[in-house]
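See structure below.
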Amino acid sequence: MIRRLLLLWLIVVPVCAAAAPMGFDEARHLLNRTSFAANLEDIESFAKLTRAQAVDQLLAWTAGKMVTPPPAWIGEFESPRKLRDASEEERKAFQRRQFEKGAELRAWWLTEMLTTPSPLTEKMVLFWHNHFVSSLQKVRSPVLMYRQNQLLRKHALGYFGDMLHEVSKDPAMVVYLDSASNRKGKPNENFAREVMELFTLGEGNYGEQDVKEAARAFTGWSIELETGEFLFRRPAHDEGVKTLLGRSGNFDGDAVLDILQAQPQTAEFIVGKLWREFVSPQPDAAEVKRIARMFRDNRYNIRVALRALLTSDAFYAPQNRAALIKSPVDLIVGTLRQFRFETGEVTPFLFAARLLGQDVFAPPNVKGWPGGDAWINSATLLSRKQFLERLFRAQEMRAPPAPLATDAPMRDRVARAMNDIYFDGERWMKQFGPGDPALTRVVLATEPALTSANSALAHSASASSTSASSAPDKSAPEKSAQGVQRLRELVLDPAYQLK
């Protein structure tokens, strides 16, 4: 009898907890992980919902369109063929145009992140950008990188299999992983290897012979140089029988992708990455398998996997709160959104993100940004603090605007953009009463200075403090600080780097 009651209690209590309103702390945790930052109004609104209702509402918001107009040149693909007979001056002009377009492309996406009514959409596009990696540095076509961004956006919360097939033929990917040089009799294995190791199965779940056979299946996948569109060159395709993961047949590239998707390891690999992005650095193997089964059974519907993650007990477990380190984009975009900064040109924030290690449209290599503890060391933690300090003192350092020519050099544009930053701290603080504990609970994912949840952050915070100890920080707020000064104190606390 006692055993039955205990078993019933173990079943009923979690169900009741999941069906009850989330409350302030759970709502804050959910919004902080799925949007770039949580604000008081949204937290209080979501606190009245159950976990399932809250997640369903978040997912419903992802259907909206972009609010930032795209760059004017997105339909103007410039063929590299025109450079074959170009003069040195024409080559330099072409490179300048590509550089300027690349800067405009980055600014467009950052602006969308700052202004979107659906931040979860942008977080998922960024997640897939770091999964299906391509880089402007190698692709060298802002138009192709824009198209790829739109492809990832289209499928960000759709069906993984559809995205896998389309991104594998995406011209930016064709260029980045050398598919255009993969031809019958002389296969290039780059894409075949990465589609297994980084896009589907994960390391250790395939053999070298599988890579060689898959490379043969992908022969003939290329790009039309005049339009920048995908092109299948049939004469370059190997029509012979291939053997892959125990199956044999006259496979083409699409058939190989279907075989990879059918492997149980693929669903587990993707769910494991989503877990590290949204839940904790160390996935729970049993939970990953459970959610991966749901993922597979629902035709790799990304919404199903994400909903299962965000409504799980593991997501809300105390040990998984403040367990993730904000990426540079998380930190910058989240700060600007949460505190409602007014900004002009976003160039300074792109430079800041690059300085902190995350240059959008230019991941460091095919594996993307490693994330996690790699975001933090004594140098980057100090740079993060300096950025935040400069941001929250922008109003004090503001100078009268000077005329700026349209062809002004970048350093002048950056200086002007920094001068345009405005934060109405007094207005923002009116949400909270004097000494209101809700201020700390909104701004920080954990108590101030409690960085032991992440050893890398704790170590770097200690090293950063030691390196700066020789020169006293005259701007450091007093412990009794109130109002805007108290807010500055919170954002400069190492715990602000956690989510």
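Quick one: what are the phi-derived ³J(HN,Hα) couplings along segment 349-365, Karplus 6.51/-1.76/1.60 with θ = phi - 60°, whole Hz, x for glycine and proline?
Once rounded to whole Hz, the list reads 6, 5, 5, 5, 4, 5, 4, 8, x, 9, 9, 4, 6, 8, x, x, 6.
Expressed as a whole percentage, what fraction of the accessible surface of the chain belongs to carbon and sulfur atoms when a 1.4 Å probe is rolled over the protein heavy atoms?
C and S atoms contribute 54 percent here.
About the Cα centre of segment 52-185, what is the dipole size in debye to 20, counting +1 per Lys and Arg Cβ and -1 per Asp and Glu Cβ, all else neutral?
That gives segment 52-185 a dipole magnitude of about 380 debye.
What does the C-alpha gyration tensor say about the overall shape of segment 169-311? Classify as rounded when a/c is under 1.5, otherwise prolate if a/b is larger than b/c, or oblate.
Verdict is prolate for segment 169-311.
Apply the Karplus curve 6.51 cos²θ - 1.76 cosθ + 1.60, θ = phi - 60°, to the phi angles in segment 195-202 and return the couplings in whole Hz, x for Gly and Pro.
My calculation for segment 195-202 gives 5, 7, 6, 10, 9, 9, 7, x Hz in order.
Taking amide hydrogens as modeled 1.01 Å from N in the peptide plane, which residues meet the under 5 Å criterion relative to residue 323, leaving out close sequence neighbours?
499
Just going by the charge dipole of the chain, with Lys and Arg at +1 and Asp and Glu at -1 on Cβ, which of 67, 119, 94 is farthest out on the positive end?
119
Beyond 24 Å, what percent of the Cα pairs of segment 238-344 remain?
For segment 238-344, the fraction of Cα-Cα distances above 24 Å is 46 percent.
Just list whichever of 101/326; 273/430; 367/499; 154/273; 123/385 have alpha carbons separated by over 31 Å in the model shown.
273/430
Calculate the dipole size of the chain relative to its Cα centre from +1 charges on Lys and Arg beta carbons and -1 charges on Asp and Glu beta carbons; express the result in debye to the nearest 20.
That gives a dipole near 360 debye.
Any idea of the accessible area per residue across the chain, 1.4 Å probe, to the nearest Å²?
Per residue, the chain has 47 Å² of solvent-accessible surface.
Go through 249, 156, 22 and say which Cα lies farthest out towards the positive end of the charge dipole of the chain; charges sit on Cβ, +1 for Lys and Arg, -1 for Asp and Glu.
22
As I understand it, the dipole of the chain uses +1 on the Cβ of Lys and Arg and -1 on the Cβ of Asp and Glu, about the Cα centre. Which of 283, 109, 497 lies farthest toward its positive end?
283
The values are calculated or read from the model by the stated rules, or taken from the named source; none is laboratory data. Nothing here was measured: the structure is a model prediction, and the numbers come from that model. Using ideal geometry, Cβ is built from the backbone for each residue, glycine included, and neighbour counts are taken over all protein chains shown. Accessible surface areas use protein heavy atoms only, side chains included; no ligands, DNA or RNA. Shrake-Rupley method; radii C 1.70, N 1.55, O 1.52, S 1.80 Å.
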